[in-house]
Amino acid sequence: ELKVEQNPLFLSMQEGKNYTIYCNYSTTSDRLYWYRQDPGKSLESLFVLLSNGAVKQEGRLMASLDTKARLSTLHITAAVHDLSATYFCAVSKAFGAGSYQLTFGKGTKLSVIP
Amino acid sequence: SAVISQKPSRDICQRGTSLTIQCQVDSQVTMMFWYRQQPGQSLTLIATANQGSEATYESGFVIDKFPISRPNLTFSTLTVSNMSPEDSSIYLCSATRSEGETQYFGPGTRLLVL
């Protein structure tokens with residue numbers, strides 16, 4: 001059974017600071033997804049990471065994937081209040097039956113305070 | 001990208017009744033999924049909606065409780081049958097066109113069962 005663990009689950013950051021959210025998963029997978037969810041809203045896709053060493057950046061967010069360590073990171077640079085949201089990582093199997101299905105982590109609730 | 005709409009956006013239902021949720025995608029997609037999300041919690045996959053055949057259910061979810069239809073490549077329905085207060089949740093539809101592509105999520109249906 002594929003398991004996905006995120007930490008921390010709650011994160012309170014000061015504006016301007018940097019921080020990293022970690023996502024560990026339990027079985028071989030080459031596909032890692034990051035989503036953002038604002039309160040009362042649906043999920044917005046942030047990044048799709050499909051190979052070992054993949055790195056993607058959008059604004060103050062940068063995501064990376066290490067398939068050998070079964071670890072993805074979401075790095076936040078110089079946080080601003082608009083980044084306050086819940087961030088989910090999700091993993092799919094590498095191939096075969098169920099390779100479309102996503103298993104989600106519990107989410108990291110980020111609060112950026114002035 | 002794909003734009004997904006869901007109907008209804010929210011509903012309050014009586015115990016023992018059933019509710020059908022509709023999911024419409026603005027373009028043809030390969031796979032459609034139904035998730036459940038308790039407020040403040042992560043997403044749990046209910047089933048994969050297969051076009052032209054029976055849905056594939058995850059452990060803990062059964063067809064009698066959550067019948068699903070997918071008559072074509074852009075539309076799916078989820079029925080929550082014989083509802084109890086434990087079924088109160090947010091139900092999300094998602095879709096993707098290919099392996100490795102992100103899943104696009106609908107806005108969700110907020111269900112309260114009294």
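The values are calculated or read from the model by the stated rules, or taken from the named source; none is laboratory data. All of these numbers come straight from a predicted model, not from anything done at the bench. Backbone-built Cβ (ideal geometry, glycine too); neighbour counts: all protein chains shown. Protein only, heavy atoms only, side chains kept; ligands, DNA and RNA dropped before computing areas. Shrake-Rupley method; radii C 1.70, N 1.55, O 1.52, S 1.80 Å.
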*Go through the stretch A:36-75 and give me each residue that's open to solvent by 50 Å² or more (accessible area, probe 1.4 Å), of a type in the set (S, T, N, Q), modelled with pLDDT of 95 or more and over 21 Å from A:Glu15 (Cβ atoms).*
none
_Tabulated pairs, the stretch A:32-44, first within 9 Å of another protein chain (Cβ to nearest Cβ), second open to solvent by 30 Å² or more (accessible area, probe 1.4 Å) and not in a strand (DSSP E or B), C-beta under 6 angstrom, 6+ apart or interchain_ = A:Ser42/B:Pro107
*Residues within the stretch B:52-89 that are at pLDDT 95 or above and acidic (Asp, Glu), tallied*: 3
*Quick one: in the stretch A:35-86, which of the residues that are part of a loop (DSSP other than H, G, I, E, B) and of a type in the set (S, T, N, Q) is farthest from A:Leu102 (Cα to Cα)?*
A:Thr77
*asked:* Looking at the stretch B:90-103 only, could you name the residues that are more than 7 Å from chain A (Cβ to nearest Cβ) and either open to solvent by less than 10 Å² (accessible area, probe 1.4 Å) or at pLDDT 95 or above (or both)?
replied: B:Ile90, B:Tyr91, B:Cys93, B:Ser94, B:Ala95
